[in-house]
């Protein structure tokens, strides 16, 4: 996978910078009944879908081919009355978000549809930066997406975005080491820890497991998975209160801490982001890795990996006693509609088409991104385009609490306290209690 694709994936899991600016916009709009509010009248999309719209989007997919232009050409052929202008968005996520908040909060209609991070729905909904879409798209439309994807698109019961493409996490493993030790691919976290320790004891590898345990957004992703596997969740289904201080969450955190205290994971894993965890794996020092889709191509590249050809990919494990694979947190990007757009009928036609099988196949096969429509991901012709796709089709998806307007504060409450427990500076129970209090404060403050 290209370096730009790797950077794009990593921006999804980086710390949420520029939060103060976004929250300032949120504070200003919260009392003004912004377009994101479900209490006011929504603009009409009646009339013919025709004319010109502008798509504000950063590049995704391979750098050699701009898949956005391929998608536009296909859309215009299928919708001859609509022309789409492509406007290049900043590649840096924080700069992009600042541009969006400045322009949309100022009433700009210079672009109609824009790409946005998967953790923005409630933040943008509260600030009036995105148009609620349920009134314009039927319930059958939302049912076409892979189970779990739409869960993170809500704000106050309204769906704020359309999934454009997703990213998933996987377990990468050393096929050669498992073969030497006559061990199966682990399906539970307990089995993974046991097998990792056995490989270490036999002198086959230095470390057993690596992931993203540094104090940043990536740890919120990892925690969301472990917590869900144990039966826990960060906030309740209504996004109104913290649920992190639970017996299930304590089980998950004790397990994660046990990976480090047992020596299966290096002590330095509490400083690892995606790059550091991948480097440990590709240098041959690690048996199992939790990471994103791009890590499969990286680890099997002879130019950059000492273990090329010996890497397998599978669904993440779960805890013993649970059914199916473990949970995979979702990354990727959505499509949002500018509430100030002057051509809403064409906007809706565009976002609806981008979630069609034709568009999603282009995104998957030519763009190299995991499609969001379940039937497309299950298509054998699509699955043959990328070794990760057949595994992704079996993933059990979970979203971060992006339906909380105070998501940035909630995430920081999670990763800072979980990291403290993993680093040994506080106990797991104390860390969960502190996270619970901080999350409750963030939700109670409404993101202000």
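When each of 288, 281 is tested for being at pLDDT 95 or above, buried (at least 18 other Cβ atoms within 10 Å of the Cβ), in a helix (DSSP H, G or I) and in contact with a helix residue (DSSP H, G or I) (Cβ under 7 Å, 6 or more places away or on another chain), the lone residue that passes is 281.
Looking only at residues that are farther than 22 Å from residue 129 by Cα and crowded, with 21+ Cβ neighbours inside 10 Å in the stretch 334-361, which one is farthest from the chain's Cα centre (by Cα)? Among residues in the stretch 334-361 that are farther than 22 Å from residue 129 by Cα and crowded, with 21+ Cβ neighbours inside 10 Å, the one farthest from the chain's Cα centre (by Cα) is 359. Residues in the stretch 67-87 that are touching a strand residue (DSSP E or B) at 6+ places or on another chain (Cβ under 9 Å) and within 20 Å of residue 342 (Cα to Cα): 72, 75, 76, 81, 82, 83, 84, 85, 86, 87.
Look at residue 435 and say whether it is touching a strand residue (DSSP E or B) at 6+ places or on another chain (Cβ under 8 Å), over 25 Å from residue 295 (Cβ atoms) and not assigned by TED's automatic domain parsing to the domain that holds residue 60. Show your work before the answer.
Values: touching a strand residue (DSSP E or B) at 6+ places or on another chain (Cβ under 8 Å): yes; over 25 Å from residue 295 (Cβ atoms): yes; not assigned by TED's automatic domain parsing to the domain that holds residue 60: yes.
So residue 435 fits the description; yes.
Taken over the stretch 59-88, residues that are assigned to a loop (DSSP other than H, G, I, E, B) and surrounded by fewer than 21 Cβ atoms within 10 Å (Cβ to Cβ) amount to 9.
Only one entry in 142, 189 is buried (at least 16 other Cβ atoms within 10 Å of the Cβ) and without any contact (Cβ under 8 Å) to a residue 40 or more places away in the chain, namely 142.
The values are calculated or read from the model by the stated rules, or taken from the named source; none is laboratory data. Predicted model only: the values in this text are computed from it and were never measured. Positions of Cβ are generated from backbone atoms using ideal geometry, with glycine treated the same way; all protein chains shown enter the neighbour counts.
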